[in-house]
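Q: I'd like to ask some things about the structure below.
Values in this text are rule-based calculations from the coordinates and carry no lab data. Since the structure is predicted, the reported quantities are computational estimates derived from the model, not experimental observations. Note: ideal-geometry Cβ built from the backbone for every residue, glycine included; neighbour counts use all protein chains shown.
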Amino acid sequence: MPLPEKNNQVITLDEASKYTSAYRQQAKTDAIRGGLFWKEYVQKLLDQPGCVAMRYYHAIDDKGNPTIILSGIDAKGDDLTGGVLLELGPFCPPWCPSNKDLIS
């Protein structure tokens, strides 16, 4: 399927905080709130030949934790599965930020 038209994906801190708060209100108390992707690996994903964007997939890891998989995508909207794929890094909690704007 071809890619949709670009939309502005930048949001304000107030919007982001509202959305993450809504998630936490419906999630279990011990739910994973987030995780991180290291810049060097995201850059490797984006630097693949033909990569114009990235797509995320919800997944479950070997320990039963929810995770996110990132794939580069080409101009036709196809996943670049022959190259770099990423899995969400260290989870929050326990590795959460000290500024609590998006997790409190």
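Q: Tell me the label only: which of [x] 2, 11, 17, 19, 21, 16, 11, 3, 0; [y] 2, 12, 22, 25, 20, 12, 5, 1; [z] 2, 13, 25, 27, 20, 9, 2, 0 is P(r) over Cα pairs in 5 Å bins from 0, in percent as calculated from this structure?
A: Correct label, based on the coordinates given: [x].
Q: Sticking with this one: Starting from the Cα of Val42, step 7 Å along the direction of its Cβ; do the same at Asn99; then give the gap between the two resulting points in nm.
A: So the label points at Val42 and Asn99 sit 1.5 nm apart.
Q: Counting only trypsin sites (Lys or Arg not before Pro) that are in a DSSP loop and have at most 11 other C-beta atoms within 10 Å, tell me the longest site-free stretch of the chain.
A: 29-62
Q: Do any chymotrypsin sites (Phe, Trp or Tyr not before Pro) in the chain lie in a DSSP loop with no more than 12 other beta carbon atoms within 10 Å, and if so, which?
A: Those satisfying the criteria are Trp38, Trp95.
Q: Report the FRET efficiency, 1/(1 + (r/R0)^6), for Ala59 and Tyr23, where r is their Cβ-Cβ distance and R0 is 25 Å, rounded to 0.05.
A: Numbers: r = 17 Å, r/R0 = 0.69.
E(calc), rounded to 0.05, equals 0.90.
Q: Further question on the same structure: Normalised by the number of residues in region 32-92, what is the relative contact order in percent for Cα pairs under 8 Å and 6+ residues apart? Mind showing how you got there, number by number?
A: Numbers: 106 pairs, mean separation 25.0, N = 61.
RCO, region 32-92: 41 percent.
Q: So, in the chain, how many Lys pairs have Cα atoms under 28 Å apart, if the pair is 8 or more places apart or on different chains?
A: Summing the qualifying lysine pairs gives 15.
Q: Further question: Any cysteines in the chain with zero other Cys Cβ atoms under 4.7 Å from their Cβ? List them, or say none.
A: For the chain, the answer is Cys51, because their Cβ atoms have no other cysteine Cβ under 4.7 Å.
Q: Pick from Ile73, Ile11, Ile60: which is most flexible by mean-square fluctuation in a GNM of the chain where alpha carbon atoms under 10 Å apart are linked?
A: Ile11
Q: With a bin width of 10 angstrom, please list the P(r) values of region 32-92 as percents of all Cα-Cα pairs, from the 0 bin to the one holding the largest distance.
A: For region 32-92, the binned pair fractions read 23, 50, 24, 3 percent.
Q: Once Lys and Arg get +1 and Asp and Glu get -1 on their Cβ, which of Pro2, Ile73, Pro94 lies farthest toward the positive end of the dipole of the chain?
A: Comparing the listed Cα positions along the dipole, Pro94 ranks first.
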